[in-house]
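Asks: Here's a structure for you.
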């Protein structure tokens, strides 16, 4: 007998895990900044941190407010004509009632593979984009399953969550690079006490390892959010069948050439990657879990 899984339990469990992983990224950033502050005295530490704050603030604002337009431009997406793609609009309109979120803008991407993504900083500024392959190869139930998955990302604020995670990871990388480059200009005078030297070593180790660790954590968060979106899609459609069949068809997809920065947004990973370095869980695992719902 197959053990059944409640989609409510699946949603709660994966949200908790995502928040925990997000906390790890934040803790690494704090530890890195604290080590730098302790390793450098006075003006050195102040200048490094001010530079890092200015650069990361600009980076964060651009990333947050331009994420949707950047994603759409990078894949050459165009706005879907409502007359030509009536079924597409009708399916999303139906899901807005089930999800309780505003109607997103709808776009299409000219690609024969079956895939889709959602972007935008919140439900009021959301976008869904599907490939022409998805519109041509999926039946009504399968397309609704795919669109429900993307609506789930919007309803769960996954785009904002993943954008903030990417910003944190980017901040760690920037701070680490500024710190490591500043070592070339640091005076090796005798005023450095033993404690400063210890924190300097800790800072160097963190600056080297933190970007690697946080990138892996970011990938793990992305995989968790995909499970959440799958479970929420079942909640919206009240059936896992459409999404299961769509994911089964996606297994025959060939590789899609898209930017690495946009790849995490897609329903299924468009680029080949080892599981540890993948933004998405294996399709087989997702289908297995959905079959238990």
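Quick note: the coordinates plus some simple rules give every number you see, no bench work behind them. If you're wondering where the values come from, they're calculated on a predicted model, not measured in any experiment. Every residue, glycine among them, receives a Cβ derived from its backbone with ideal geometry; neighbour counts consider all protein chains shown.
Asks: Just order 105-118, 23-36 by mean Cβ neighbour count inside 10 Å, highest at the front, would you? Provide the component values of the computation, followed by the final result.
Replies: Numbers: 105-118: 20.9, 23-36: 17.6.
Listed from highest to lowest mean packing, they are 105-118, 23-36.
Asks: Label residue 98 and residue 140 with points 7 Å out from Cα along Cα→Cβ: what is the distance between them in nm?
Replies: The answer from the label model is 1.3 nm.
Asks: Going by average Cβ neighbours within 10 Å, how do the peptides 134-140, 282-288 rank, with the highest at the top? Intermediate values should be presented prior to the final figure.
Replies: Working: 134-140: 16.7, 282-288: 15.1.
Highest mean packing first, the order is 134-140, 282-288.
Asks: R0 = 35 Å: FRET efficiency of residue 27 with residue 257, Cβ-based, nearest 0.05? Walk me through the intermediate numbers first.
Replies: Values: r = 36 Å, r/R0 = 1.02.
Result of the calculation: an efficiency of 0.45.
Asks: Once you place label points 7 Å from the Cα toward the Cβ at residue 284 and residue 16, how far apart are they in nm?
Replies: In this crude spin-label approximation the distance works out to 2.9 nm.
Asks: Would you mind computing, in nm to one decimal, how far apart the modelled labels at residue 248 and residue 105 are, each placed 7 Å from Cα along Cα→Cβ?
Replies: Result: 3.6 nm between the two label points.
Asks: Once you have the Cα-Cα distance between residue 84 and residue 205, take 0.36 nm times their residue separation minus that, and quote the gain in nm to one decimal. Display every interim value, and only then the final one.
Replies: Numbers: separation 121, 0.36 × 121 = 43.56 nm, distance 5.62 nm.
Extra length available between residue 84 and residue 205 comes to 37.9 nm.
Asks: For a footprinting-style exposure proxy, rank 169, 262, 213, 234 by other Cβ within 10 Å, fewest first.
Replies: Result, fewest neighbours first: 213, 262, 169, 234.
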